[in-house]
1. Report, in whole Å, the centroid distance computed from the Cα atoms of the stretch 91-145 and the stretch 294-330.
2. Say each of M353 and V58 gets a label point 7 Å from the Cα, pointing the same way as Cα to Cβ; how far apart are those two points in nm?
3. Want the number for N151 to S270: 0.36 nm per residue separation, take away the alpha-carbon distance, what's left?
4. Mind giving me the FRET efficiency for Q237 and T263? R0 is 30 Å, r the Cβ-Cβ distance, nearest 0.05 is fine.
5. According to a simple spin-label model (label point 7 Å from Cα along Cα-to-Cβ), what is the distance in nm between K92 and T315?
6. What number comes out for the charge environment of S305, summing +1 per Lys or Arg and -1 per Asp or Glu over other residues with Cβ under 11 Å away?
7. Grab the beta carbon distance between R181 and E68, set R0 = 45 Å, and tell me the FRET efficiency rounded to 0.05.
8. Reachable aspartates and glutamates from K161, Cα under 12 Å, same-chain residues fewer than 8 places away excluded?
Amino acid sequence: MTSKSIPAVGSRRLRLIGVLAAAAAIGLGGYGIADRARSKQDVQVWTNDQAIPTVKLVKPQLGPSKGELNLPGNVSAFYAGSIYGRVSGYVKDWYEDIGAHVKKGQVLAVIDSPDLDQQLAQARADLVRAEANQQLADVTYERWKTLSKQNIVSQQAKDEKYGDAMAKAADVQAAQANVARLEAMTSFKKLTSPFDGIVTARSLDIGDLVDAGGKAGKALFQVSDVHIMRIYVSVPQAFLGDMKEGLKATLQLPGMDKTFEATLLTTSNSVSEQSRTALIQLLADNSDGKLWPGAFAEVHFHIPSDPNVLRLPATALLFGPQGMQVAKVDAQNKVVLNRVQLGRNLGNEVEIMSGVSISDQIIDSPQESFASGDTVRIASAQDSVSKVRPRVQAARAAVLNAQDM
């Protein structure tokens, strides 16, 4: 081989390498363009797919034949008597303490009131004086009446004596009334039970000063009749239609395994403007004494219910310009807004009186922007979307990287 042929061979090899490099570059460029197009198409499909909202469906359910309404209640005695001091004085002695079973009229304590005793003694003395004055006035009038018949005294003088006798008789009646009043007040020195019951509070001790101030101070004794207990419950307005006389309820008290039966007695027939509740009174037998006044009770009302009334979660309701609505989903996964008529609000659920059927598919927690005809995806179909999402995300990343190149 000559020295002139070596450069020719090197030149041909360089041209071949250049052609191959150019073909590889063209191939890579074409593949990149095609891959970018596919990636954009995948991203577009993913974007369109995400534009369709995914919803969770619920179905209307039939309610039970007997409903339950649980509300807090307060237990009170059938009668509760607060005993105050009607006379002023000092506590001489007390005989019954808290928890004592007492009978009507039984003495609970005695108040020593020397001032009242002196007032009574003075009133009795005033009565004796008034009676003496009346007797003298009567005798005088009889004498002047005899003298008047003999024309010894004038008719005017006789009438004056008659008037004086009548005034003295009135003084006697006034003195008798004062004595009776003070004797009645003296009887209040004994604090007695107003009815059969249990002493539930005592706030006096020997030597304590008692002021006859009505209900201005603290009650000296509290006596409660607990053979039957009253239970007071504030019931929301939506359930007042079911609160009828004779309705049964079950009481459950904290810390007690036993339950108690109660019967609705009456209602307040008035709704509070602040709470929109009405006060309900029930009665419960307490012959065993297990129920105590002032206790808290959880009251379970046994409310008759229509088993044909449908119920939906409260989160399925949609309030719009047309009123209360629900968002149904038809066979083509299209939204259909339908107006409904509500019954009772049961907390987590509401009764639907009209507007839905038991076979309807209702969107739970619908968006306020939903309109009839909108396309939605059922939540159960989300699994298939999650399987292709990594591939779509990879394609989206490839497009972004290609744009950066």
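1. If we compute the Cα centre of each part, the gap is 68 Å.
2. 2.0 nm
3. On the way: separation 119, 0.36 × 119 = 42.84 nm, distance 7.81 nm.
Additional length available on full extension: 35.0 nm.
4. For R0 = 30 Å, the calculated efficiency reads 0.85.
5. The two pseudo-label positions are separated by 7.3 nm.
6. On the way: positive: K66, R311, R344; negative: E68, D242, D306, E351.
Taking every Cβ under 11 Å from that of S305, the sum is -1.
7. Details: r = 58 Å, r/R0 = 1.29.
Working from the Cβ atoms, E equals 0.20.
8. Leaving aside aspartates and glutamates fewer than 8 places away in the same chain, those within reach of K161 are D138, E142.
No lab work stands behind these numbers, since they all come straight from the coordinates. Remember, predicted model here, so these are calculated numbers, not experimental data. Neighbour counts run over all protein chains shown; Cβ positions are idealised from the backbone, glycine included.
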